[in-house]
Amino acid sequence: MTDEKAWKYVGDQKRKTWTYAEITASAEKEIRRMMACAWRADSHPRTAQQFRDWAYGTFVGWNGLTTGWQIDGDSERLAALTDPAKGSDW
């Protein structure tokens with residue numbers, strides 16, 4: 001995606017626009033990043049938990065933004081990424 005493609009003008013105001021796919025890809029990338037940080041911080045339980053909480057918060061935010069527009073399987077897939085029992089698939 002080029003930066004110019006993501007912007008649109010409403011009157012004389014420049015506004016950022018996102019597609020469902022862009023929001024989902026961004027949320028997935030952030031969840032993976034936070035869970036990888038949690039995995040690396042495993043020897044510091046409070047820090048690791050904070051990263052897991054941020055990952056889950058990213059999922060909750062994505063879910064709230066996309067409710068009614070979600071593609072089958074996306075919610076389950078992103079929720080599974082926040083599960084530390086799934087291992088280091090980040």
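None of the figures in this text is laboratory data; all of them are computed from the coordinates on show. Note that this is a predicted model, so its numbers are computed, not measured. Don't worry about glycine lacking a Cβ; one is built from the backbone with ideal geometry, like all the others, and counts go over all protein chains shown.
Tell me the trypsin sites (Lys or Arg not before Pro) within the range 9-40 that lie in a loop according to DSSP and have at most 13 other beta-carbon atoms within 10 Å.
Nothing satisfies the criteria.
Compute the long axis of helix 20-40 from its Cα atoms, compare it with the longest principal axis of the Cα atoms of the chain, and write down the angle in degrees, 0 to 90, nearest 10.
Rounded to the nearest ten degrees, it is 20.
Give me 30, 76 ranked fewest to most by other Cβ atoms within 10 Å of their Cβ, as a rough exposure proxy.
Ascending number of Cβ neighbours within 10 Å: 76, 30.
So what's the back-of-envelope 222 nm ellipticity for the chain, counting only DSSP H runs of four-plus at -39500 (n - 2.57) apiece and dividing by all residues, rounded to 500?
-19000 deg cm²/dmol
Evaluate Rg over Rh across the chain, taking Cα atoms for both radii and Kirkwood's formula for Rh.
1.09
Quick one: how many lysine pairs does the chain have with C-alpha atoms less than 28 Å apart and a gap of 8 or more or different chains? Give me the count, please.
On the way: 5/14; 5/16; 5/29; 8/16; 8/29; 14/29; 16/29; 29/86.
Lysine pairs meeting both conditions in the chain amount to 8.
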